[in-house]
Amino acid sequence: MSPLTFHDREKEIEEITRILKSPPNLITFVYGPINSGKTELFQHLIKTLSKEYRAFYVNLRGVYVSKAEDLLTVLFNVEEKEYEFKEFLKVLIDYLPDKIPPIGIPTPKNFFKKFFEERGLDNAFKYLERLFVELSSEVTPILVLDELQVIGDLKVDDLLIYKLFNLFVRLTKELHSCHVFAVTSDSLFIEKIFNEAMLHGRCRYLLVDDFDYETTVEFLRKHGFDEDEIQLTWDYFGGKPVYLVEAVNNRDRLKELCESWLRLRKRQIKDALYDLNEDFRRSVLNVLSTFKENEIVPYEKITDELVWCVKNNILFLDPMHEILKPQSRLDLLAIRSILQD
């Protein structure tokens with residue numbers, strides 16, 4: 001991992017460390033604006049875990065899941081060699097945390113074949129339950145699912161997400177055998193989870209936000225930025241990690257970079273608005289107009305206009321604090337420029 005892609009996160013690491021030191025009891029939903037560093041945070045944590053932990057990382061980003069078999073292919077990293085269960089368990093226990101590939105849960109070929117041949121998901125989830133229960137007698141298993149919302153609307157007999165939630169509740173609340181972290185950039189998905197009755201008292205929420213001003217200044221100073229460069233970068237990009245990396249990589253043309261990114265983002269939002277019918281566009285602009293003088297605004301209910309703004313990654317909705325804000329400072333500047341036009 002590039003040293004540019006991970007910085008600080010002391011507060012979040014401290015919170016996750018506190019969770020890991022306690023027996024598994026709740027599902028942890030990790031959420032935040034797009035490109036705020038959630039994936040980088042967990043990849044960093046997995047690499048720095050002590051030998052008492054075994055982390056399994058599944059990334060659903062960019063994956064097309066239309067049926068149960070697709071999910072199985074993503075969930076499991078199939079070992080070509082065939083093992084007996086107890087034999088394979090010892091292999092996993094002997095692995096160092098950084099030796100487990102962050103692309104799925106290692107699974108012997110003979111077990112994986114059974115998932116397809118005999119009641120797929122049911123067998124797979126039973127296997128995972130047994131695997132984590134057995135592992136937990138020797139080490140502390142951690143399961144991280146990134147971009148879980150990908151399967152939010154997928155039906156397999158019933159909504160697949162509910163089958164996963166049942167598995168997560170079993171692993172944490174009932175069996176205390178595995179820490180489960182579900183990571184997402186989709187704040188509407190978190191809003192649905194927040195109101196999901198079956199998860200009440202069974203989950204917690206962890207916000208991984210963009211850097212604050214002090215952390216941004218520290219990051220840029222570490223890379224040699226002077227005060228004027230820091231202020232320019234903050235004014236355009238705020239604390240969005242992905243933009244800060246771009247600023248560091250293009251320091252020799254920083255002003256040009258800032259202005260070009262703003263023009264691009266403004267064009268993208270305007271193009272999306274132009275595709276709307278006139279009445280709905282006016283309603284969306286009324287929502288965006290609340291950011292003419294404010295950077296954060298409260299909301300009371302989820303309207304169609306809000307859903308459109310969030311789905312188009314213009315606004316970020318935080319159900320824990322009942323607030324809305326632009327996905328980035330760049331979005332805020334683009335919104336204000338469009339309103340001014």
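The values are calculated or read from the model by the stated rules, or taken from the named source; none is laboratory data. Given the structure is predicted, the values throughout are model-derived calculations rather than measurements. Backbone-built Cβ (ideal geometry, glycine too); neighbour counts: all protein chains shown.
Of everything in the stretch 284-330, what is among the acidic types (Asp, Glu), farther than 23 Å from residue 206 by Cβ and surrounded by 17 or more Cβ atoms within 10 Å (Cβ to Cβ)? Give them in sequence order.
First pass over the stretch 284-330, keeping only residues among the acidic types (Asp, Glu): 293, 295, 300, 304-305, 318, 322.
Keeping just the survivors that are farther than 23 Å from residue 206 by Cβ gives 293, 300, 304-305.
Within the stretch 284-330, 305 is the sole residue that qualifies.
Return the total of residues in the stretch 111-153 being modelled with pLDDT of 80 or more, among the charged types (D, E, K, R) and not in a helix (DSSP H, G or I).
So the count comes out to 3.
Within the stretch 279-333, can you find the residues that are within 30 Å of residue 247 (Cβ to Cβ), in a helix (DSSP H, G or I) and of a type in the set (S, T, N, Q)?
289, 290
What pairs come up if the first residue lies in the stretch 56-79 and is over 22 Å from residue 178 (Cα atoms), the second is of a type in the set (Asp, Glu) and in a helix (DSSP H, G or I), and their beta carbons are under 9 Å apart, counting only those six or more places apart or on different chains?
Between residues of the stretch 56-79 that are over 22 Å from residue 178 (Cα atoms) and residues that are of a type in the set (Asp, Glu) and in a helix (DSSP H, G or I), the close pairs are 63/70; 64/70.
Give me a count of the residues in the stretch 38-59 that are touching a helix residue (DSSP H, G or I) at 6+ places or on another chain (Cβ under 7 Å), within 25 Å of residue 109 (Cβ to Cβ) and surrounded by fewer than 20 Cβ atoms within 10 Å (Cβ to Cβ).
Summing the residues that are touching a helix residue (DSSP H, G or I) at 6+ places or on another chain (Cβ under 7 Å), within 25 Å of residue 109 (Cβ to Cβ) and surrounded by fewer than 20 Cβ atoms within 10 Å (Cβ to Cβ) in the stretch 38-59 gives 1.
Would the stretch 258-270 turn up any residue that is buried (at least 16 other Cβ atoms within 10 Å of the Cβ), out of contact with any helix residue (DSSP H, G or I) (no Cβ under 8 Å at 6 or more places or on another chain) and at pLDDT 95 or above?
Pass one, the stretch 258-270, residues buried (at least 16 other Cβ atoms within 10 Å of the Cβ): 258, 261-262, 265-266, 269.
Subsequent filtering for residues that are out of contact with any helix residue (DSSP H, G or I) (no Cβ under 8 Å at 6 or more places or on another chain) retains none.
Looking for residues that are buried (at least 16 other Cβ atoms within 10 Å of the Cβ), out of contact with any helix residue (DSSP H, G or I) (no Cβ under 8 Å at 6 or more places or on another chain) and at pLDDT 95 or above, one finds none in the stretch 258-270, hence no.
Do you know which of the residues in the stretch 11-31 that are among the aliphatic types (A, V, I, L, M) and part of a strand (DSSP E or B) is surrounded by the fewest Cβ atoms within 10 Å (Cβ to Cβ)?
Initially, the stretch 11-31 is screened for residues among the aliphatic types (A, V, I, L, M), giving 13, 16, 19-20, 26-27, 30.
Pick out the ones that are also part of a strand (DSSP E or B) and you get 27, 30.
On the way: 27: 23, 30: 26.
It comes out as 27.
Is it the case that residue 276 is outside the structural domain of residue 35 (by TED's automatic domain parsing) and either in a loop (DSSP other than H, G, I, E, B) or within 21 Å of residue 185 (Cα to Cα) (or both)?
Numbers: outside the structural domain of residue 35 (by TED's automatic domain parsing): yes; either in a loop (DSSP other than H, G, I, E, B) or within 21 Å of residue 185 (Cα to Cα) (or both): yes.
Considered against the rule, which asks whether it is outside the structural domain of residue 35 (by TED's automatic domain parsing) and either in a loop (DSSP other than H, G, I, E, B) or within 21 Å of residue 185 (Cα to Cα) (or both), residue 276 comes out as yes.
Please list, ordered by first then second residue, the pairs with beta carbon atoms under 7 Å, 6 or more apart or interchain, first in the stretch 240-253 and without any contact (Cβ under 8 Å) to a residue 24 or more places away in the chain and farther than 18 Å from residue 215 by Cα, second assigned to a helix (DSSP H, G or I) and among the small types (Gly, Ala, Ser).
none
With (1) without any contact (Cβ under 8 Å) to a residue 12 or more places away in the chain; (2) loosely packed, with under 15 Cβ neighbours inside 10 Å as the list, and residue 281 as the residue in question, which single condition is left unmet?
In the conditions (1) without any contact (Cβ under 8 Å) to a residue 12 or more places away in the chain; (2) loosely packed, with under 15 Cβ neighbours inside 10 Å, residue 281 misses (2) alone.
Could you list, in sequence order, all residues of the stretch 166-196 that are farther than 17 Å from residue 207 by Cα, among the hydrophobic types (A, V, I, L, M, F, W, C) and surrounded by fewer than 20 Cβ atoms within 10 Å (Cβ to Cβ)?
169, 175
If you go through the stretch 188-204 one residue at a time, do you hit one that is on the phi > 0 side of the Ramachandran plot, in a loop (DSSP other than H, G, I, E, B), modelled with pLDDT under 95 and not acidic (Asp, Glu)? First the steps, then the outcome.
Looking only at the stretch 188-204, we keep the residues that are on the phi > 0 side of the Ramachandran plot, and these are 201.
Still in the running and in a loop (DSSP other than H, G, I, E, B): 201.
With the extra rule that they be modelled with pLDDT under 95, the set shrinks to 201.
With not acidic (Asp, Glu) added as a condition, the list becomes 201.
Yes; the residues of the stretch 188-204 include at least one that is on the phi > 0 side of the Ramachandran plot, in a loop (DSSP other than H, G, I, E, B), modelled with pLDDT under 95 and not acidic (Asp, Glu).
Checking the structure you have, find out if any residue of the stretch 244-256 is assigned by TED's automatic domain parsing to the domain that holds residue 217 and surrounded by 20 or more Cβ atoms within 10 Å (Cβ to Cβ). Break it down stepwise before answering.
To start, the set of residues in the stretch 244-256 that are assigned by TED's automatic domain parsing to the domain that holds residue 217 comprises 244-256.
Keeping just the survivors that are surrounded by 20 or more Cβ atoms within 10 Å (Cβ to Cβ) gives 244, 247.
Yes, the conditions are met somewhere in the stretch 244-256.
Does residue 34 satisfy being closer than 22 Å to residue 183 by Cβ and surrounded by fewer than 17 Cβ atoms within 10 Å (Cβ to Cβ)? Explain how you work it out, then say what you get.
Values: closer than 22 Å to residue 183 by Cβ: yes; surrounded by fewer than 17 Cβ atoms within 10 Å (Cβ to Cβ): yes.
In short, yes.
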